[in-house]
Structures are given as C-alpha cells and as structure tokens.
1. For the pair residue 1 and residue 160, how long in nm is the line joining their label points, each one 7 Å along Cα→Cβ?
2. Extension gain residue 175-residue 190, at 0.36 nm per residue separation less the Cα-Cα distance, in nm?
3. In degrees between 0 and 90, to the nearest 10, how far off the longest principal axis of the chain does helix 11-23 point, with axes built from Cα atoms?
4. Calculate how steeply helix 35-45 sits against the longest principal axis of the alpha-carbon atoms of the chain, using the helix alpha-carbon long axis, and give the answer as 0 to 90 degrees to the nearest 10.
5. Please determine, in degrees from 0 to 90 and to the nearest 10, the orientation of helix 134-143 with respect to the longest principal axis defined by the Cα atoms of the chain, where the helix direction is its Cα long axis.
6. Taking the beta-carbon count within 10 Å as an exposure proxy, list 59, 1 from fewest neighbours to most.
7. Hull surface divided by four, with the convex hull built on the Cα atoms of the range 145-207: how many nm²?
8. Compute the convex hull volume of the Cα atoms of the range 33-133, divide it by the residue count, and report the result per residue in Å³ as a whole number.
Amino acid sequence: MPKIVIADDHPLLLEGLYNQLLNFGYTKLSKATNGTEALRLIQEQQADIAILDIEMPYMDGLSVAKYCKTEGSTTKFIILSYHKESEFIARAKSLNISGYILKEDALTEISTCISAILSGQEYYSTVFETLETGNAKTTLDLLENLSPSELKILKLIAQSNSSKEIAEQLFIAERTVEKHRSNIIIKLNLKGKTNRLFEWAIENKGFI
C-alpha cells in the first residue's frame, strides 16, 4: 500500500481528495495545507506519492518537488492545477513530475493517475495531449544558464523596475546591475533593440 501525502490550501478539495482515496482503498494518507508542511510529511514518512497543489502558502508544489528531487527523494509527484498554459506543463516535465491533473478533473482522474504512476508510467490530463510545449522548454533551457543573481534581476526587470530601482532594492551598485543585464542578454541570445531584454522579460514573465 503506497504512502501518500496530499497537500492543498483549499479545504474542500483537500477533504474531497482524501475521502476519495479512502474510498479507493488507499489508507496510508497524510494531509497538509501548505508547502512546508507537505515537505515535512514527505521527508518524515518517505512518501511514495505526493499530490500537491501548484499554488500553496510558503512553498508551491513545483518548488517542493524540485527540492525533494535535489535531495535524492524517490517520491513520485502529482501536481494539481488550474493552469493549462504550456509553461506550467513544460516546468512540470522538466522536473520529471509523474502526474499533472487539472483541479476540475482531480476527483475523477486521481485514481487513474495513481495507478499509472504505480505501474511506472506518467499521467497528464488528456487536455494536454495536443499542447505544444517545445517553445516553453526552450525558454526554460535558456533560464537554466542564468545564475541566481541574474534570475533575481531578470524577475525585477519583468516587474518593470529600472536599473537604478533594482540597484536600490538589492543594495548593489547600478553599474553592477548593468553588468548583469549585459550577461543576461548574452546568455538569452538576445539581439537588436536596447529594450529587447525588457520585452523578453515581459513576454516570458510566467517562466521566471
């Protein structure tokens, strides 16, 4: 019998999933209402499967999954989400997430998803079968080349901050920000107009 952790900050969905899994015969269940609580339960219980809301207080579902995988965890992850956009699917696939289910389909698809995962397969809601994620994966690959400092600055650029404003927020020199901007432009293969970095950051805000 697999040990399963369920985490969602919406009480009705959390209870609904918990009771649904009990009905399907899964009895080794634990519940959490935020990301840090979910992470603690996953680690303490060495959970076989974690069913995580993509958006939770303290840590989101993808961040919990990413942390566990960097620690060498063997837990399989299922993400619950309202998001159908390609960047979220690409993010999940880049983390080798085993399952991704739309919240509106969670109660009807969760048993099928768990069965697929226990047999060594992936399960993504059928609505994603025709979704093009190639461009999203390319963007994620580019972002992997950036350092943590560059990612922080890129995020602030995407929030329409000027170099001066970024320097003030990060307590660094404005020329340091400009140097980072130059490095980011090179790493993202951006050419052309001087404001191309800002445009790229706005276009890809969902990935950053």
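1. 5.5 nm
2. Roughly 3.4 nm would be gained on extension.
3. In the chain, helix 11-23 runs at an angle near 40 degrees to the longest axis.
4. 50 degrees
5. Compared with the principal axis, the helix lies near 60 degrees.
6. 1, 59
7. Computed as one quarter of the Cα hull surface, the answer is 3.9 nm².
8. In the range 33-133, the Cα convex hull volume per residue is 96 Å³.
Every read-out reported here was derived from the displayed coordinates using simple, explicitly stated rules and does not represent laboratory data. No experiment lies behind these values; they were computed from the predicted model shown. Don't worry about glycine lacking a Cβ; one is built from the backbone with ideal geometry, like all the others, and counts go over all protein chains shown.
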